[in-house]
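Encoded as structure tokens, the structure appears first; notes follow it.
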Amino acid sequence: MREKVEKKPLIEIRGIHKRFGNKIVHGGIDLDVYPGEVLALMGGSGCGKSVLLRMIVGLEKPDRGTIKFNGQHIETLSEDKLVPIRKKIAYVFQYGALFDSFSVEENLAYPLREHTDLNEHQIHNKVTTTLDKLGLRGSEKLYPSGLSGGMQRRVGVARSIIMNPEVILYDEPTTGLDPFNTQQILKIMLHLKQTGATSVLVTHDMHAIFSVTDRVAFLKDGQILALGTRDEIKNSPIREVSSFIHGESY
């Protein structure tokens with residue numbers, strides 16, 4: 001009988017401590033993210049979900065602890081040495097973070113011009129193909145000011161994935177969106193999951209968490225209070241987790 005081969009983590013987080021002034025945000029976080037999974041970070045405001053997300057891509061540095069991506073330590077890397085890492089780890093900002101003075105096409109073309117040797121014809125084709133996949137064809141010449149909030153988010157996702165990253169980090173991607181645009185974002189996430197992308201999702205949206213994730217980590221008081229599959233978290237016997245999911249005080 002063949003032995004089961006265990007997956008190695010793509011991202012390994014060990015002993016992460018972080019504080020801002022007198023506020024302890026993380027008090028020793030250990031967490032693994034596996035290839036191809038969607039992992040959600042859940043918990044109340046101020047529990048350090050987004051800070052942890054930003055650490056994974058090097059936008060924040062831990063006070064103590066280590067973060068490895070593909071076996072490489074990233075917590076001590078300089079901005080220059082983080083550039084190749086950020087080509088593989090995309091960060092989808094909460095409100096799209098598009099360049100206001102660029103059209104949709106120019107926004108998507110920007111990382112390709114900066115970080116690849118593609119010619120303009122190849123860049124145009126890649127932009128068109130990416131917009132096609134996300135149902136955004138026809139928006140190429142529009143500027144962010146002419147887009148709805150939902151479309152801005154989708155264009156932000158398109159720009160983030162155009163470099164074919166291994167990991168996609170989503171920071172509150174559905175906050176403030178109407179049901180239609182929320183569903184569009186979730187469809188995109190599921191499509192990317194089917195292509196083998198690894199994702200980490202920060203959100204308060206319970207529907208999103210229980211629609212697209214494989215596992216959920218619940219953060220509280222600088223620690224991971226619970227970690228499990230979405231069904232395990234949904235049916236957690238831990239009072240704080242259950243109360244949070246059902247919108248009750250704890």
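Identify the residue in the range 123-143 that is in contact with a Leu (Cβ under 8 Å, 6 or more places away or on another chain) and part of a helix (DSSP H, G or I) and, among all such residues, is farthest from F180 (Cα to Cα).
Kept after step one, since they are in contact with a Leu (Cβ under 8 Å, 6 or more places away or on another chain), are these residues of the range 123-143: 123, 126-127, 130-131, 137, 139-140.
Next, only the ones that are part of a helix (DSSP H, G or I) stay: 123, 126-127, 130-131.
Working: I123: 30, K126: 26, V127: 24, T130: 20, L131: 18 Å.
So the residue we want is I123.
Within the range 199-229, which residues are surrounded by 18 or more Cβ atoms within 10 Å (Cβ to Cβ) and in a helix (DSSP H, G or I)?
Selection gives A208, I209, V212.
Taking the range 83-99 only, how many residues are without any contact (Cβ under 8 Å) to a residue 40 or more places away in the chain and surrounded by 14 or more Cβ atoms within 10 Å (Cβ to Cβ)?
Of the range 83-99, the ones without any contact (Cβ under 8 Å) to a residue 40 or more places away in the chain are 83-86.
Retained after the next criterion (residues that are surrounded by 14 or more Cβ atoms within 10 Å (Cβ to Cβ)): 85-86.
Final tally of qualifying residues: 2.
Count, please, the residues in the range 102-122 that happen to be assigned to a helix (DSSP H, G or I), closer than 17 Å to R153 by Cα and polar (S, T, N, Q).
So the count comes out to 1.
Residues are listed down the side, and each one gets a yes or a no for (1) at pLDDT 90 or above; (2) of a type outside the set (D, E):
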position: S103; (1), (2): yes, yes
position: L131; (1), (2): yes, yes
position: L134; (1), (2): no, yes
position: E140; (1), (2): yes, no
position: I162; (1), (2): yes, yes
position: I168; (1), (2): yes, yes
position: D178; (1), (2): no, no
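When you scan the range 64-74, do you find a residue that is modelled with pLDDT of 95 or more, of a type in the set (F, W, Y) and out of contact with any Lys or Arg (no Cβ under 7 Å at 6 or more places or on another chain), even just one?
yes
With respect to F102, is the statement that it is buried (at least 18 other Cβ atoms within 10 Å of the Cβ) and of a type in the set (F, W, Y) true?
Values: buried (at least 18 other Cβ atoms within 10 Å of the Cβ): no; of a type in the set (F, W, Y): yes.
When the stated conditions are applied, F102 does not pass them.
Restricting attention to the range 167-192, which residues are of a type in the set (S, T, Y) and not in a helix (DSSP H, G or I)?
First, the residues of the range 167-192 that are of a type in the set (S, T, Y): 170, 174-175, 182.
Hits for the range 167-192 are Y170, T174, T175.
Every residue in the range 7-54 that is under 14 Å from the mean Cα position of the chain (by Cα) and among the acidic types (D, E), please.
Passing the criteria: only E37.
Mind telling me which of the residues D80, D30, D63 ends up being charged (D, E, K, R), within 21 Å of D214 (Cα to Cα) and surrounded by fewer than 17 Cβ atoms within 10 Å (Cβ to Cβ)?
Values: D80 fails: within 21 Å of D214 (Cα to Cα); D63 fails: within 21 Å of D214 (Cα to Cα).
Only one candidate passes the filter, namely D30.
The values are calculated or read from the model by the stated rules, or taken from the named source; none is laboratory data. No experiment lies behind these values; they were computed from the predicted model shown. Note that we place each Cβ from the backbone using ideal geometry, even for glycine, and neighbour counts take in every protein chain shown.
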